[in-house]
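Read through the structure below, which is laid out as structure tokens, and then see the notes.
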Amino acid sequence: MRILKILIAAMLLGAAPAWAQDLADISLSDPKQESQALALMDSIRCVVCQGQPISGSNAELAGDMRRIIRERIAAGDTPEAVRTMLISKYGDWVTFRPQLKPATLPLWIIPLLALLAGVWLVSRRLGWRQN
Amino acid sequence: MNRKLVLWLPFALMAALFISFLASLSNSPEKVIASQMVGQPLPEFAAGAAIPEQPGAATADFRDGKPRLLNVFASWCVPCIAEIPVLMELKASGVEVVGVAVHDTSVDLTRFLATNGNPYSRIGLDQGGRAQIALGSAGVPETFVVDGQGKILYQHIGVVTEADKTKLLAMLGVVK
């Protein structure tokens, strides 16, 4: 039994350095940075298996992106700076969270307009009842 | 009558939106993701020699006034085999093709080049997809036309075929 324990410990020790380096699949030691990195990975689209976020993709390129995200965040970059960097490479398509700019303005304005139109319609309807 | 129509309008709008969302959800073909780096200077990258016989590839190699092709490929990529003969012809016309091999190993590349031919002047082994992501490349094969000042002029996504040769040669300024 003890031999088995030593054996397992030795195997774990031997295995650790192999993946301790690879930030594609290993968390950052700082939990705050790791949660920032994870949130970003959830909103970056895998360019290989499209429609999946890179956090849940097995594609090697998705792993490469996760590694770069963790490295940059560990180095002090903000998640939005890393997102901007990825958009500068692959375009708006790569983010699940649309950026605010002239081309995407309708995305933000239309719901507001729809709400206003709804309020107007309802208030008119209520107005008739009162009269 | 008119008021009734106005009241139905939001419902009609929602229904139209719902149908259009449903249609685009159920019909989403694989999209080709073009690099945003076209028209911009080649990003900084340095990929070490992929095979012992040839030098690696780095941004600095592209700034000597000579336009080149930068071919992102891999030994495990089946379509990449199909474009090797065309790249060989381009090489014969005086075009320099720089290779960047992604997610690859020296041993596999040596075998790939021995079997299919080697059109490359330099081959960089891209570690961790760094060069590929810097280029905004989403897959293999992809071929970038880089001018003599190191600016990316064009990105060809997918296999380079005979039909693409004339266009590429013209962009590279090679007169046939």
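Go through the stretch A:48-69 residue by residue and tally those that are closer than 19 Å to A:Arg97 by Cβ and touching a Leu at 6+ places or on another chain (Cβ under 6 Å).
Going through the stretch A:48-69 one residue at a time, the tally reaches 1.
Tell me which residues, restricted to the stretch A:19-78, are surrounded by fewer than 15 Cβ atoms within 10 Å (Cβ to Cβ) and hydroxyl-bearing (Ser, Thr, Tyr).
Those that are surrounded by fewer than 15 Cβ atoms within 10 Å (Cβ to Cβ) and hydroxyl-bearing (Ser, Thr, Tyr): A:Ser27, A:Ser29, A:Ser35, A:Thr78.
Here is a check on your reading of the model: is A:Leu121 surrounded by fewer than 16 Cβ atoms within 10 Å (Cβ to Cβ), outside any strand (DSSP E or B) and more than 9 Å from chain B (Cβ to nearest Cβ)? Spell out the reasoning first.
Details: surrounded by fewer than 16 Cβ atoms within 10 Å (Cβ to Cβ): yes; outside any strand (DSSP E or B): yes; more than 9 Å from chain B (Cβ to nearest Cβ): no.
So A:Leu121 does not fit the description; no.
In the stretch B:9-54, how many residues are within 11 Å of chain A (Cβ to nearest Cβ), part of a loop (DSSP other than H, G, I, E, B) and not hydrophobic (A, V, I, L, M, F, W, C)?
Counting residues in the stretch B:9-54 that are within 11 Å of chain A (Cβ to nearest Cβ), part of a loop (DSSP other than H, G, I, E, B) and not hydrophobic (A, V, I, L, M, F, W, C) gives 8.
Which condition number in (1) modelled with pLDDT of 90 or more; (2) more than 30 Å from B:Leu7 (Cβ to Cβ) is the one that A:Leu100 fails?
(1)
Tell me, which residue of the stretch A:39-62 that is farther than 17 Å from A:Leu28 by Cβ and of a type in the set (D, E, K, R) is farthest from the other protein chains (Cβ to nearest Cβ)? First the steps, then the outcome.
Step one: of the stretch A:39-62, the residues farther than 17 Å from A:Leu28 by Cβ are A:43, A:45-53, A:56-62.
Narrowing further to those that are of a type in the set (D, E, K, R): A:45, A:60.
Numbers: A:Arg45: 9, A:Glu60: 5 Å.
Looking at the filtered set, the residue picked out is A:Arg45.
Check off (1) within 30 Å of A:Arg72 (Cα to Cα); (2) touching a helix residue (DSSP H, G or I) at 6+ places or on another chain (Cβ under 6 Å); (3) without any contact (Cβ under 8 Å) to a residue 40 or more places away in the chain; (4) not polar (S, T, N, Q) for B:Ala101 and give me the number that stays unchecked.
The failed condition is (3).
Determine whether A:Arg83 is touching a residue at least 40 places away in the same chain (Cβ under 8 Å), under 23 Å from B:Lys31 (Cα atoms), buried (at least 17 other Cβ atoms within 10 Å of the Cβ) and away from chain B (no Cβ under 13 Å). Even if it seems obvious, please write down each step before you answer.
Details: touching a residue at least 40 places away in the same chain (Cβ under 8 Å): yes; under 23 Å from B:Lys31 (Cα atoms): yes; buried (at least 17 other Cβ atoms within 10 Å of the Cβ): yes; away from chain B (no Cβ under 13 Å): yes.
Judged against the criteria, A:Arg83 is a match.
Working carefully through the options A:Leu86, A:Leu107, A:Leu115, find the one that is of a type in the set (A, V, I, L, M) and in the same structural domain as A:Pro53 (by TED's automatic domain parsing). Please lay out each step first, then the result.
Numbers: A:Leu107 fails: in the same structural domain as A:Pro53 (by TED's automatic domain parsing); A:Leu115 fails: in the same structural domain as A:Pro53 (by TED's automatic domain parsing).
It is A:Leu86.
Can you tell me which residue is farthest from the chain's Cα centre (by Cα) among those in the stretch A:20-45 that are part of a helix (DSSP H, G or I) and hydrophobic (A, V, I, L, M, F, W, C)? Full working, then the answer.
To start, the set of residues in the stretch A:20-45 that are part of a helix (DSSP H, G or I) comprises A:20, A:31-42.
Going one step further and asking which of them are hydrophobic (A, V, I, L, M, F, W, C), we end up with A:20, A:37-41.
On the way: A:Ala20: 22, A:Ala37: 7, A:Leu38: 6, A:Ala39: 4, A:Leu40: 3, A:Met41: 3 Å.
Filtering the stretch A:20-45 for residues that are part of a helix (DSSP H, G or I) and hydrophobic (A, V, I, L, M, F, W, C), the one farthest from the chain's Cα centre (by Cα) comes out as A:Ala20.
The values are calculated or read from the model by the stated rules, or taken from the named source; none is laboratory data. Since the structure is predicted, the reported quantities are computational estimates derived from the model, not experimental observations. Note: ideal-geometry Cβ built from the backbone for every residue, glycine included; neighbour counts use all protein chains shown.
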